[in-house]
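Notes for the one structure printed next.
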Amino acid sequence: MAKYSIGIDLGGTKILAAIVDITTGKVLYSSKKKTKKDKGADKITKKVIELVKELSDESGIPLADVGSVGLGLAGQVDREKGILIAAPNLDCFNVNFKAALEAEYNIPVFIGNDVEVATVGELMFGAGKGHENYVCVFVGTGVGSGIVINGKIHSGYTGTAGEIGHITVSQDGRACGCGANGCLEAYASRTAIEQKIKGAIKKGHKSIITELIKDDGIIRSKYLKTALDNNDEIVLNCITEAAEYLSSGLASVINFLNPEMIILGGGLVDAIDFFFDLTTKKTLAKCLPTPSEKTNIVKAKLGDFSGVVGAAMLKTYREQL
Ligand SMILES: [Zn+2]
C-alpha cells in the first residue's frame, strides 16, 4: 500500500498543497501559491496539476508511491463525481477536478469541502484524535464547522450541516453574504473584524493598524497581535466584539448538541491567544451549568495544515466509514 498522499487545500485567496505520510500525518513537503490573479476553471486546474508534480519533484517521492490526491475546496462540491459545483471566490463553476487530475496522473482523486477536510485532519491526527463527539469550528473568511458524532462527520440531509456561520446572533442585524441578516459570520469572521477596524479608522479613530498595513493594506494576524500588545483600543474593541458573538454561537451549539469538546481553529485563533481565551471564557459563561463544567474548548492542533492533512487523508477516512 502506498505510504504517501497529496492534499490540496484550495481557498479563496491561496492554494496550500502538501505531500503527507499517511501513517503519521506528517507533512513532508508543502507549497503555498496565491490565487489572486489566476482565477477561473482553466487556470486553477492547471495550477493544481502543476502542484502535484512540484510536490513529487521537490520531496523526492515518486508519484508511483502516492496513493491518492485529496482536494478541499472552498465551495459547494459533489463528492461522488469529484466536481466543484460552485466557488464564486475562485470564479469556478462545475469544475471536474477528479477527471482532470486522474487523466493526468492516474492516481485516485477525492474531493471534499474545505471545512470538511480540515475536520478530517483534526479527527485523524489533530486535537480530535481519540475523541468521538465534538465540533471543529474554523474562523477565517467565514465561520464554518464540522460536526463529529460517534467518530464520524455528520453532514446532514443535504450535506450542509455545520453551517455555524449562518446561525442568527442578532435579530435584523448586519447583512450576511448568504442573503440573511444577523448571521454569526457577519460579526465574528476575519472579514467582519477587518471591515470593522477599517471602518473605524475611516471614521477618524486612531489605530496602530494604519501604520502596520501601510505597504499593502492587508491586516495580517500578526498585526492584530502587535496592536493588542500595544493596547490599541480599536483592535481590542473589534476582537472583543467578535469573541462576544462567537461565544454566543458556540454556547448555542454546546447547549443544543452537548459535544464533549469544541475545537477552535483558523489563523486568527492560532495567532491570538487573547481571542481564544476570551471566546472560551465567554462561551462557558453563557452555556448551561452542566455542559459549562464538562465541555472542553481547545485549539486545533494542526494549525494551517488541518486542511492539507485532512485532504490527503480523505481516501483513508472514507474507506473506513
Ligand atoms: Zn449568513
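The values are calculated or read from the model by the stated rules, or taken from the named source; none is laboratory data. Every value quoted in this text rests on a predicted model; they were computed, and no experiment measured them. Because the Cβ atoms are built from the backbone with ideal geometry, glycine has one as well, and the counts that use them run over all protein chains shown. Accessible surface areas use protein heavy atoms only, side chains included; no ligands, DNA or RNA. Shrake-Rupley method; radii C 1.70, N 1.55, O 1.52, S 1.80 Å.
Which ³J(HN,Hα) values in Hz, rounded to whole numbers, follow from the phi angles of region 51-63 under the Karplus curve 6.51 cos²θ - 1.76 cosθ + 1.60, where θ = phi - 60° and Gly and Pro get x?
Using θ = phi - 60°, the values come out as 4, 4, 5, 4, 4, 5, 4, 6, 8, x, 9, x, 4 Hz.
Note down the relative contact order for region 130-300 as a percent, whole number, built from C-alpha pairs under 8 angstrom at least six residues apart.
That works out to 23 percent.
Starting from 0.36 nm per residue, how many nanometres of slack lie between E58 and N230 once their C-alpha separation is accounted for?
That pair, E58 and N230, stretches by 57.8 nm at full extension.
7 Å from Cα along Cα→Cβ at both H154 and E244: what's the point-to-point distance in nm?
Distance between label points: 3.0 nm.
Ignoring any ligand, DNA or RNA, what whole percent of the accessible area of the chain comes from carbon and sulfur when the probe is 1.4 angstrom?
50
What order do C183, C178 take when sorted by accessible area (1.4 Å probe), most exposed first?
C178, C183
How much accessible area per residue does the chain have, counting only protein heavy atoms and a probe of 1.4 Å, in square angstrom?
Counting only protein heavy atoms, the per-residue value for the chain is 48 Å².
Could you tally the net charge around A200, taking each other residue with its Cβ under 13 Å from the Cβ of A200, Lys/Arg +1 and Asp/Glu -1?
Every neighbour counted, the sum reads +1.
Could you state the number of Å between the C-alpha centres of region 57-113 and region 275-307?
About 32 Å separates the Cα centre of region 275-307 from the one of region 57-113.
With all protein chains present, calculate the accessible area of R174 using a 1.4 Å probe and round the result to the nearest 10 Å².
Rounded to the nearest 10, that gives 80 Å².
Leaving ligands and nucleic acids out of the surface, order T119, T24, T45 by accessible area at 1.4 Å, largest first.
Result, largest first: T24, T45, T119.
Largest first, what is the accessible-area ranking of S30, S145 with a 1.4 Å probe?
If we order S30, S145 from most to least accessible, we get S30, S145.
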